[in-house]
Amino acid sequence: MSLVKITPAIRTNNITYAVRDIVVLANQVAKSGKEMLYLNIGDPNLFDWQPPKHLIEATYQAMLKNYNGYSPSSGIKEAVDAIHDEAEKKGIKNIQDVFVTTGASEAIEICLTALINEGENVLTPTPGYPLYTAIQSKLMTMENPYYLDENNGWQPDISDIKNKINSKTKAIILINPNNPTGSNASPEVLQQIIELALEHNLVIFADEIYDKLLMDGKKHTSIASLNHEVPVITFSGLSKNYMVPGFRIGWGIISGNKEILQDYIEAINKILRARLCANHPAQHGISPSLKGDQSHLEVAMTKLTKRRDMTVEMMNSIDGITCVPPEGAFYAFPRLHKVSNDAHFVQELIKETGVVVVPGSGFGQVPGTQHFRIVFLPPENILEKAYKALGEFHKKYLDKFESK
């Protein structure tokens, strides 16, 4: 009997995830015995970071009390109420629904699935987190990237957004603070996005998973707080602000005009019910996290600011590399001015130095530009070693591959 290969679904053809895909090469290089310096995955727990103790204790106690079965599909009442209260403190009003999910990623996928039909499109920030393009590929939607303006602190380019809206556009995604650039959108830009959403009947997907990680005294503005009628789904979770990405606890907050949202909310809840629930014990850590001691954030921002400053200074000291200072999260997105292929640059960097970053092409970028993403979570001694190696390699790379 002849063997016939099983053909995978067409929807998987264009799914890529640069943050994880680059690990395949890194693992191959690590087998050679080379010291690896990982600056590629935004996981604080790989380095010198700890979650708040009261979060861990609350989750542990929940397991001891045998909260180990299913929870309500949208989450336990204590958690949902805490998320609702936190949203109102941020100025979000007219809240229609709150639901807890397996990380913010699941919330995003559920909400896109409940809204977008094949052939329709969502305005997606570029550079932006590759999860969004992966989900849209799976849903077989049309790509519709809008650009962030590097010359304006990586703010969303409003004129580009206007030009990209068409009859098949259903929503606009905003990642704020942004991954991979670390930018923090201004209230003025957010207001312009709201006006476009209202004019064209778009849902705003506001990914605010890093909203408590702002440097230099900067403030974060939730876009939903600026207008109580525009349909917004605000996504967040425990992963980054409370440093438990492995807990996979996130949520969505639906706000805006009830009449225009009610059918969409029911569609979201159909999916929520079908997948049962998020991690039940970990949900008991949501309320203590949001309502409890926040001192870990002060410690975190002191460390992150110092590491951000080192990153920007050392990147900008390399001839041919510039770096816009990030204001939030823990990412930087330096530009390679003399390199013609960022993916090749990163591959060679990993093979020769063991420094693992992610090519900018994995996040999207303005055509003709080349970047790479740095995660500056590691301690200063690791960052300094990695940046020195990167600077030395950059010069060698230009001599070998870019000299004419």
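The values are calculated or read from the model by the stated rules, or taken from the named source; none is laboratory data. Remember, predicted model here, so these are calculated numbers, not experimental data. Neighbour counts are summed over all protein chains in view; Cβ atoms, including those assigned to glycine, are modelled from backbone coordinates with ideal geometry.
State whether one or more residues within the range 395-402 are crowded, with 22+ Cβ neighbours inside 10 Å and in contact (Cβ under 8 Å) with a residue 24 or more places away in the chain.
no
In the range 293-314, which residues are within 20 Å of residue 372 (Cα to Cα), surrounded by fewer than 22 Cβ atoms within 10 Å (Cβ to Cβ) and hydrophobic (A, V, I, L, M, F, W, C)?
Once the filter is applied, which keeps residues that are within 20 Å of residue 372 (Cα to Cα), surrounded by fewer than 22 Cβ atoms within 10 Å (Cβ to Cβ) and hydrophobic (A, V, I, L, M, F, W, C), the range 293-314 yields 310, 312, 314.
For the range 57-67, indicate whether the set of residues that are assigned to a helix (DSSP H, G or I), in contact (Cβ under 8 Å) with a residue 24 or more places away in the chain and within 25 Å of the chain's Cα centre (by Cα) is non-empty.
Yes.
Is it true that residue 143 is over 17 Å from residue 183 (Cβ atoms) and in contact with a Ser or Thr (Cβ under 8 Å, 6 or more places away or on another chain)?
Details: over 17 Å from residue 183 (Cβ atoms): yes; in contact with a Ser or Thr (Cβ under 8 Å, 6 or more places away or on another chain): yes.
Against the criterion (over 17 Å from residue 183 (Cβ atoms) and in contact with a Ser or Thr (Cβ under 8 Å, 6 or more places away or on another chain)), residue 143 qualifies.
What number of residues within the range 362-377 are surrounded by fewer than 19 Cβ atoms within 10 Å (Cβ to Cβ) and out of contact with any strand residue (DSSP E or B) (no Cβ under 7 Å at 6 or more places or on another chain)? Please lay out each step first, then the result.
Taking the range 362-377 first, the residues surrounded by fewer than 19 Cβ atoms within 10 Å (Cβ to Cβ) are 366-369.
From the residues that got through so far, the ones that are out of contact with any strand residue (DSSP E or B) (no Cβ under 7 Å at 6 or more places or on another chain) too are 367-368.
Final tally of qualifying residues: 2.
Return only the number of the condition from (1) surrounded by 19 or more Cβ atoms within 10 Å (Cβ to Cβ); (2) in a helix (DSSP H, G or I) that residue 51 does not satisfy.
Residue 51 satisfies all of (1) surrounded by 19 or more Cβ atoms within 10 Å (Cβ to Cβ); (2) in a helix (DSSP H, G or I) except (2).
Can you name the residue in the range 10-41 that is exposed (fewer than 11 other Cβ atoms within 10 Å of the Cβ) and among the aliphatic types (A, V, I, L, M) and, of all such residues, is modelled with the lowest pLDDT?
Checked the range 10-41; the qualifying residue modelled with the lowest pLDDT is 10.
So which residues in the range 230-279 are buried (at least 21 other Cβ atoms within 10 Å of the Cβ) and over 22 Å from the mean Cα position of the chain (by Cα), if there are any at all?
230, 256
Residue-by-condition table, conditions (1) in the same structural domain as residue 304 (by TED's automatic domain parsing); (2) within 20 Å of the chain's Cα centre (by Cα); (3) more than 18 Å from residue 42 (Cβ to Cβ); (4) of a type in the set (A, V, I, L, M, F, W, C):
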site: 341; (1), (2), (3), (4): yes, no, yes, no
site: 344; (1), (2), (3), (4): yes, no, yes, no
site: 362; (1), (2), (3), (4): yes, yes, no, no
site: 366; (1), (2), (3), (4): yes, yes, yes, yes
site: 372; (1), (2), (3), (4): yes, yes, no, yes
site: 378; (1), (2), (3), (4): yes, yes, no, no
site: 383; (1), (2), (3), (4): yes, no, no, yes
site: 396; (1), (2), (3), (4): yes, no, yes, no
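Identify, from the list 161, 116, the residue that is within 19 Å of residue 264 (Cβ to Cβ) and among the β-branched types (Val, Ile, Thr).
On inspection, the qualifying residue turns out to be 116.
Do we find that residue 88 is without any contact (Cβ under 8 Å) to a residue 24 or more places away in the chain, of a type outside the set (Gly, Ala, Ser) and either in a helix (DSSP H, G or I) or crowded, with 16+ Cβ neighbours inside 10 Å (or both) in this structure?
Yes, satisfied.
Here's a check for you: in the range 118-141, which residue that is without any contact (Cβ under 8 Å) to a residue 40 or more places away in the chain and assigned to a loop (DSSP other than H, G, I, E, B) is nearest to residue 208 (Cα to Cα)?
My answer is 141.
Residues are listed down the side, and each one gets a yes or a no for (1) surrounded by fewer than 16 Cβ atoms within 10 Å (Cβ to Cβ); (2) of a type in the set (Lys, Arg); (3) in contact (Cβ under 8 Å) with a residue 40 or more places away in the chain:
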position: 178; (1), (2), (3): no, no, yes
position: 187; (1), (2), (3): yes, no, no
position: 190; (1), (2), (3): no, no, no
position: 197; (1), (2), (3): no, no, no
position: 208; (1), (2), (3): no, no, no
position: 214; (1), (2), (3): no, no, yes
position: 220; (1), (2), (3): no, no, yes
